[in-house]
Amino acid sequence: MLIRIALPLAGLLALSGCNRPVAPDPDKRPEPQATALRDAMQQPLDKAKAARETLEKAPDTSAADEAETGR
């Protein structure tokens, strides 16, 4: 008989200790957490873009050099 009363009371006691989580402030934006990962991923992309721009400019300079030498 004691278990029939004590077990539900213990359950109610445990559940009464739980609170709802506090909602975040809607006016405040969350701080970014993945900046290091984003920077690590962006660095090779920036290098590739710089290399691509260099290669795109390279034919223009070689054509100009050929025109100057008269080839």
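The values are calculated or read from the model by the stated rules, or taken from the named source; none is laboratory data. It should be emphasised that the depicted structure is a prediction, and the values quoted were computed from it without experimental measurement. Protein only, heavy atoms only, side chains kept; ligands, DNA and RNA dropped before computing areas. Shrake-Rupley method; radii C 1.70, N 1.55, O 1.52, S 1.80 Å.
Can you spot the lysines whose alpha carbon is less than 26 Å from Lys57's alpha carbon? Ignore those fewer than 8 places along the same chain.
Partners found: Lys47, Lys49.
Could you tell me the accessible area of Asp25 in Å² (1.4 Å probe, neighbours in place), rounded to the nearest ten?
90
For the stretch 1-50, compute Rh as the Kirkwood radius over C-alpha pairs and then the Stokes-Einstein diffusion coefficient at 37 °C and 0.692 mPa s; write the answer in µm²/s, rounded to an integer.
201
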